[in-house]
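Okay, structure first, notes after.
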Amino acid sequence: MPGTHASVLHEDRFFDSDPAVRRVARVLYEETRGLPIVSPHGHVDAGILADDSPFPEPTSLLIRPDHYILRMLYSRGVSMEQLGISKRGTEDPPGDPRGIWKTFAANYHLFRGTPTAAWLDYELAAVFGVRSRLDASSAASIYGEIAERLASPEFRPRALFERFNIEILATTNPASDSLEAHQRLRDSGWPGRVIPTFRPDAAIDLASAGWKAEIDALGDVTSSPILDYASLMRALTAQRAAFCSMGATATDHGVEVPVTGQLPYAEAERLYQRALAGQEVAPADARSFQAHMLMQMARLSAEDGLVMQLHAGALRDHNDSFTRSYGPHLGADIPVATEYARNLRPLLNEYGNDSRFRLILFTLDESTYARELAPLAGHYPAVLLGAPWWFHDSIEGMKRYREQVTETAGIWNTAGFTDDTRAFCSIPARHDLSRRVDANWLAGLVARHVIDLSDAHEMARALAYDLAKAAYRLDQGERG
Amino acid sequence: MPGTHASVLHEDRFFDSDPAVRRVARVLYEETRGLPIVSPHGHVDAGILADDSPFPEPTSLLIRPDHYILRMLYSRGVSMEQLGISKRGTEDPPGDPRGIWKTFAANYHLFRGTPTAAWLDYELAAVFGVRSRLDASSAASIYGEIAERLASPEFRPRALFERFNIEILATTNPASDSLEAHQRLRDSGWPGRVIPTFRPDAAIDLASAGWKAEIDALGDVTSSPILDYASLMRALTAQRAAFCSMGATATDHGVEVPVTGQLPYAEAERLYQRALAGQEVAPADARSFQAHMLMQMARLSAEDGLVMQLHAGALRDHNDSFTRSYGPHLGADIPVATEYARNLRPLLNEYGNDSRFRLILFTLDESTYARELAPLAGHYPAVLLGAPWWFHDSIEGMKRYREQVTETAGIWNTAGFTDDTRAFCSIPARHDLSRRVDANWLAGLVARHVIDLSDAHEMARALAYDLAKAAYRLDQGERG
Amino acid sequence: MPGTHASVLHEDRFFDSDPAVRRVARVLYEETRGLPIVSPHGHVDAGILADDSPFPEPTSLLIRPDHYILRMLYSRGVSMEQLGISKRGTEDPPGDPRGIWKTFAANYHLFRGTPTAAWLDYELAAVFGVRSRLDASSAASIYGEIAERLASPEFRPRALFERFNIEILATTNPASDSLEAHQRLRDSGWPGRVIPTFRPDAAIDLASAGWKAEIDALGDVTSSPILDYASLMRALTAQRAAFCSMGATATDHGVEVPVTGQLPYAEAERLYQRALAGQEVAPADARSFQAHMLMQMARLSAEDGLVMQLHAGALRDHNDSFTRSYGPHLGADIPVATEYARNLRPLLNEYGNDSRFRLILFTLDESTYARELAPLAGHYPAVLLGAPWWFHDSIEGMKRYREQVTETAGIWNTAGFTDDTRAFCSIPARHDLSRRVDANWLAGLVARHVIDLSDAHEMARALAYDLAKAAYRLDQGERG
């Protein structure tokens, strides 16, 4: 049968072939593979679990929402229309899911050696029980197999959540979110722990197109219009409390440049009023306001205990005409060189020694791992380093991260793995890859007698489970 | 006999010693080692092949033109005069070739672990049939052996071209080149495919010392003086067409900073007139003009189909007094940190989604591989990544490139290998090294079950042959 | 017995587990492990050897002076007070050494995979003969063991110096140092070679808090008040000569940004007078003065032959309140991105081709290894690259350094290993780690047939001993 392999998933995948390493990697992985999944940062929609409706057909589930897949196919000449993404304002039909699936399958070789292939191979084989290798010839039958599975009760979101052995799943939510889906989930009595994360980017970036709408939404959800900087701070504080009451333990902040610094109150007010009046806010002013708001968010985190995450360095929507045509989050964000030592100094000077405060730093600029981030985490009590992020959430990316971070910061200044995904079905694939790569890295240290095997057992468990739970304060105040 | 080894070239050289990897590497390399050489970017003089005269003696062939060799010896205290390079304006005799060769041989240990040694070992053993290891004691006899070979018909340029199994060789030519050598080669009826590449740097950089001379030469070759910006554009367009008619499929652009952006027509004209009048052009103005001209070259590439190459990040002639004394291209260029995401945005916003346009990016700043370049290539249809360049055209350099690029961009967004050399006899050495390193990298992926062996076979062939041919549009319009 | 292991130090530690590599690594290491230690850059106090008093108890010797240890514990929530470091101005007792030792031992797992653990394991086992593994349960008994050893004559500084097989030890001294300890050492007739290094940072940085005190001390030691720029130059020149007379062969310069460039004499004088008058010197002016003084120091180095070391890229005292409370050098310095090509150009254009001048460059920004530093060292006769520094003085750090430097600069443009430590007892641990990592790196090249075994033997010796001795001109004018 074309495209059929004994098994696509080799049991030793991602392990070094050197027997001295592989032997230890297997042992370590055997102990972590069954640990529950802690997912403290991601983009799954809580509504999926609140509704618990069957997932749609395979293309809508696996291809259309995956920016890794869309951008790779687009980069090789497949149009967005061929992938079922229409130009905004056009009335094009959404595209035939089976045809899109076939286009993807015919181009699946493009993903060889990428994490997308590693994740998808896992999803097909381990989640959906597909036994053939995906290519043009097997596309139709695999589509049918997955579609059939999705129709069964075992593939409803909650059933998968339980089968995936997810202990905690954090979503990411704008400051204005009413958390209605989280409330419904809680009301349903289903015991899965799904918690929100407070991400106020849109309310803080005066230069973003959606700022005013977010401010209005934030006013609505807090039942009080936000007419000045003081009321903005009140609304954000109130919403942080609302998130806490729904189990949140963290905030998240995405910025292009991680500059921090306090503004005089009057200046913050002036910039806020300009933006509110619809006047242009100069990019430098918007950045100053953002820098100021990061200071405020750190201050509130020290007070309410929400762990502050900072994701820096993505130049969003690099491709103007593409974004105008098809929208954001389709794979056109490009990382830029990012400076942390000088930019974060005001914030860390103010809060970095405060035992109540915790800041988890993420980067897209790997040159900062050993140069700035590991030294910051290896000194400031408040700082931990987040998992290798986005483009670096990969076998080689994780290896570079461990090799460049550990010798300065150790592993206990890192925050465990975060899958950071909106693709629910890829969650176990991502954690499995991470656990394998970490087991292999530790095995390499054991084989070179840098650590001994008993150290490695403890460290493997920490990397797979303990660190994330502790870093995000998920071991405190568990929902009974 | 002093300096004699059984064989300098081990058959498993550059392969990992782990048997699981080496076994696969051998198999993959066996399939690519015999493929024809596609050399889409380099600096060989077409006149060598047009004339087909015997090469000069070994020192003139192998040492004096090789900036890798000159700089390393200079860095360790060997003077340029000892290497046969006289100060400009002096009447020094050119130096005794045998003495220079001996100096080189006595210092050959300096190159251990560098690609220069890997290439030269190959040239000596595989091209010239030398059986001894090069050092001070074997220098004279090896010189004699090579000199003897060079005198024989089998070592004429065309004979070597055929023996090297070169399918296509691209040269690099200034915009003002009459392509007389290419024409002679074509007229000769010899079937070797040697094509020019259009590199208009000197005509575009208003601040370069040779700008006016290049403009004059461009006026001469197009039989029309270039008195304004409009005639500059006309001349460049005409010469692009002339290059196309001689088989060119690509342009090349070398810049320190890859800034791009359109100028108003009047401003372009104003800067051109300043330069033409011999008035000083401020560095920022020269850069703006260059940025503008890169936009124009991209526009013309979209129209005439010439693939645009961009080599960015070399600070040329870092050592002022050295360059004044001995001239450029002798190993005194130093790379600098290079920004691509913001600098290329204007150009990519204008042409990056145009299916007619193709841009191949090269860097000397490896920190941009995973951070900017792979994401750009992994999104924009027009962008491919060029091979690891210059200082990074090496075993470890290639390994870092694959590890940092592939997980985001895959291999099909890369443009295959380019030897980029002016050293004709090193061409097979460089392709052999590249094919070995790629085979070994793929073997590592197979051994870790990231890809399977059938994938690896296809990918090895792509990296060694298919990608370069497709990327440079060499599979279109072959000369019959 | 709790915490007891057969041996903490595995004889194959840090060697790849692949037998083909490990076999060669063992052979190479066997030849270098017994070579004398050349330590051309470090921070040991010569007074320790002049006095030859017993070392204090274990905590004062091993923990309190070690900024690697202090910062890691602080980063995980251990207060400085718990480590025996009191806030300035407080009258707190110094803390119980045994209690501090126990705190450290209980947190020793934090250092797994860091060089601190590798060094300390070696010190405990090989220097102090401790047979148990350090943890909370073994802390008290290990403390006792070490304390007992320290009381014996075999553990006096000079006895250890001899047992460590140190051939040369360079200290680092401010320009104002009277070198009284070096004079006493010399007068004592003890044959150990301990030499000073001239580090005039404090006298050159007009913006540093300690500048005026250093200028006063420099005036005192040269018996002439330093009332203007000319007398500053005279005092520095005189002190360089004094250092030379005590055996110095090198200077050292630490800067945040390695900018260089000549000022007009009058401008240098103007800035000096501002600083002398206690007027504020703008940061940009202080940097210009420093840039100017680096030029002067290079000029003097060309004249007096002192090898110039440049350590660039540390943002000192990042944590303001921490530094105000506890002082500098406790682990709160953070590296920043550093530019060398453009910044060093003035200095290298003036002195880089001068055969009398030598400049050894160190970096905390690894992205500069392959991009700027190896190309500079691979061209300029004056430039060598210093060992991987500080955060990068580690197994993976050294590996990256070799992999990123060698292919462009070879090993003969590098300056050998420098332990750079103030922790006297860690010297053999650091050299042992370096020799192992280099042996392993060379073994990898042999196993991949990049070099052959005879090359590797010579290179291993060079990396372990010859290069440092030659680079720092320690083979000239040995003390008879």
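The values are calculated or read from the model by the stated rules, or taken from the named source; none is laboratory data. All figures in this text were calculated on a predicted structure; none of them were measured in a lab. When we count neighbours, we look across all protein chains shown, and the Cβ atoms used for this are built from the backbone with ideal geometry, even at glycine.
Residues checked against (1) in contact with a Gly (Cβ under 9 Å, 6 or more places away or on another chain); (2) of a type in the set (Lys, Arg); (3) outside the structural domain of C:Met293 (by TED's automatic domain parsing):
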{"residue": "C:Arg193", "(1), (2), (3)": "yes, yes, no"}
{"residue": "C:Thr197", "(1), (2), (3)": "yes, no, no"}
{"residue": "C:Ser245", "(1), (2), (3)": "no, no, no"}
{"residue": "C:Thr251", "(1), (2), (3)": "no, no, no"}
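Annotation: B:Ser224 fulfils all but one of (1) surrounded by fewer than 19 Cβ atoms within 10 Å (Cβ to Cβ); (2) part of a helix (DSSP H, G or I); (3) of a type in the set (S, T, N, Q); the unmet one is (2). Does C:Asp432 qualify as being surrounded by fewer than 23 Cβ atoms within 10 Å (Cβ to Cβ), of a type in the set (D, E, K, R), within 13 Å of C:Met398 (Cβ to Cβ) and within 17 Å of the chain's Cα centre (by Cα)? Yes: the conditions hold for C:Asp432.
Name every residue in segment B:64-116 that is in a loop (DSSP other than H, G, I, E, B), touching an Asp or Glu at 6+ places or on another chain (Cβ under 6 Å) and surrounded by fewer than 20 Cβ atoms within 10 Å (Cβ to Cβ), in order of residue number.
Quick first cut of segment B:64-116, residues in a loop (DSSP other than H, G, I, E, B) only: B:64-66, B:76-80, B:84-96, B:107, B:112-114.
Subsequent filtering for residues that are touching an Asp or Glu at 6+ places or on another chain (Cβ under 6 Å) retains B:86, B:112, B:114.
Hit for segment B:64-116 is B:Ser86, nothing else.
Of the residues contained in segment B:421-442, none is found to be in contact with a helix residue (DSSP H, G or I) (Cβ under 7 Å, 6 or more places away or on another chain), facing another protein chain (nearest Cβ under 7 Å) and not in a helix (DSSP H, G or I).
Would you confirm whether or not segment C:270-279 contains a residue that is assigned by TED's automatic domain parsing to the domain that holds C:Asn165, within 27 Å of the chain's Cα centre (by Cα) and surrounded by 15 or more Cβ atoms within 10 Å (Cβ to Cβ)? Checking segment C:270-279: not a single residue is assigned by TED's automatic domain parsing to the domain that holds C:Asn165, within 27 Å of the chain's Cα centre (by Cα) and surrounded by 15 or more Cβ atoms within 10 Å (Cβ to Cβ).
Residues in segment C:385-403: is at least one farther than 18 Å from C:Ala118 by Cβ and under 19 Å from the mean Cα position of the chain (by Cα)? Quick ask: steps written out before the conclusion?
Pass one, segment C:385-403, residues farther than 18 Å from C:Ala118 by Cβ: C:385-386, C:403.
Add one more test, that the residue is under 19 Å from the mean Cα position of the chain (by Cα), and what stays is C:385-386.
Taking every residue of segment C:385-403 in turn, at least one turns out to be farther than 18 Å from C:Ala118 by Cβ and under 19 Å from the mean Cα position of the chain (by Cα).
Considering A:Asp466, A:Asp432, A:Asp452, the condition of being acidic (Asp, Glu), in contact (Cβ under 8 Å) with a residue 12 or more places away in the chain and over 21 Å from A:Leu384 (Cβ atoms) is satisfied by A:Asp432 alone. Summed over segment A:209-221, residues that are surrounded by 19 or more Cβ atoms within 10 Å (Cβ to Cβ) and of a type in the set (D, E, K, R) total 1. Count of segment A:132-158 residues, restricted to those that are under 27 Å from B:Ala409 (Cα atoms) and outside any helix (DSSP H, G or I), is 7.
Per-residue answers, yes or no, for (1) surrounded by 18 or more Cβ atoms within 10 Å (Cβ to Cβ); (2) free of Cβ contacts under 8 Å to residues at least 40 places away in the same chain; (3) of a type in the set (Phe, Trp, Tyr):
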| site | (1), (2), (3) |
| --- | --- |
| C:Phe14 | yes, no, yes |
| C:Asp18 | yes, no, no |
| C:Glu31 | no, no, no |
| C:His41 | yes, no, no |
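Restricting to segment A:291-327, count the residues that are assigned to a helix (DSSP H, G or I) and not basic (Lys, Arg).
To start, the set of residues in segment A:291-327 that are assigned to a helix (DSSP H, G or I) comprises A:291-304, A:320-326.
Filter once more, so that each one left must be not basic (Lys, Arg): A:291-298, A:300-304, A:320-323, A:325-326.
Residues in segment A:291-327 being assigned to a helix (DSSP H, G or I) and not basic (Lys, Arg): 19 in total.
Each residue in segment B:331-360 was checked for being under 19 Å from C:Tyr351 (Cα atoms) and out of contact with any strand residue (DSSP E or B) (no Cβ under 6 Å at 6 or more places or on another chain), and 2 of them qualify. The single condition among (1) at pLDDT 95 or above; (2) out of contact with any strand residue (DSSP E or B) (no Cβ under 8 Å at 6 or more places or on another chain) that A:Pro56 does not satisfy is (1). Would you say B:Leu61 is within 30 Å of B:Val307 (Cα to Cα) and surrounded by fewer than 22 Cβ atoms within 10 Å (Cβ to Cβ)? For B:Leu61, the condition - within 30 Å of B:Val307 (Cα to Cα) and surrounded by fewer than 22 Cβ atoms within 10 Å (Cβ to Cβ) - is not met.
What do you reckon, is B:Ile168 more than 21 Å from the chain's Cα centre (by Cα), surrounded by 15 or more Cβ atoms within 10 Å (Cβ to Cβ), of a type outside the set (Ser, Thr, Tyr) and not in a loop (DSSP other than H, G, I, E, B)? Break it down stepwise before answering.
Values: more than 21 Å from the chain's Cα centre (by Cα): no; surrounded by 15 or more Cβ atoms within 10 Å (Cβ to Cβ): yes; of a type outside the set (Ser, Thr, Tyr): yes; not in a loop (DSSP other than H, G, I, E, B): yes.
So B:Ile168 does not fit the description; no.
If you go through segment C:237-269 and keep only what is more than 22 Å from the chain's Cα centre (by Cα) and not small (Gly, Ala, Ser), you end up with C:Thr237, C:Thr260, C:Gln262, C:Leu263, C:Pro264, C:Tyr265, C:Glu267, C:Glu269. Among the residues of segment A:314-330, the ones that are facing chain B (nearest Cβ under 8 Å) and crowded, with 21+ Cβ neighbours inside 10 Å come to 3 in all. The set of residues in segment A:198-212 being over 16 Å from A:Ala277 (Cβ atoms) and at pLDDT 95 or above consists of A:Phe198, A:Arg199, A:Pro200, A:Asp201, A:Ala202, A:Ala203, A:Ile204, A:Asp205.
The residues in segment C:29-76 that are more than 25 Å from C:Thr197 (Cβ to Cβ) and of a type in the set (A, V, I, L, M, F, W, C) can be counted, and the count is 3. Test C:Ile146 against the stated conditions and say whether it is in contact with a Pro (Cβ under 6 Å, 6 or more places away or on another chain) and either aliphatic (A, V, I, L, M) or buried (at least 21 other Cβ atoms within 10 Å of the Cβ) (or both). So C:Ile146 fits the description; yes.
Exactly one residue out of C:Val27, C:Val21, C:Val38 is within 12 Å of another protein chain (Cβ to nearest Cβ), among the β-branched types (Val, Ile, Thr) and more than 21 Å from C:Pro328 (Cβ to Cβ): that is C:Val21. Can you spot a residue in segment C:448-455 that is in contact with a Leu (Cβ under 9 Å, 6 or more places away or on another chain), surrounded by fewer than 24 Cβ atoms within 10 Å (Cβ to Cβ), on the phi > 0 side of the Ramachandran plot and in the same structural domain as C:Glu162 (by TED's automatic domain parsing)? Checking segment C:448-455: at least one residue is in contact with a Leu (Cβ under 9 Å, 6 or more places away or on another chain), surrounded by fewer than 24 Cβ atoms within 10 Å (Cβ to Cβ), on the phi > 0 side of the Ramachandran plot and in the same structural domain as C:Glu162 (by TED's automatic domain parsing).
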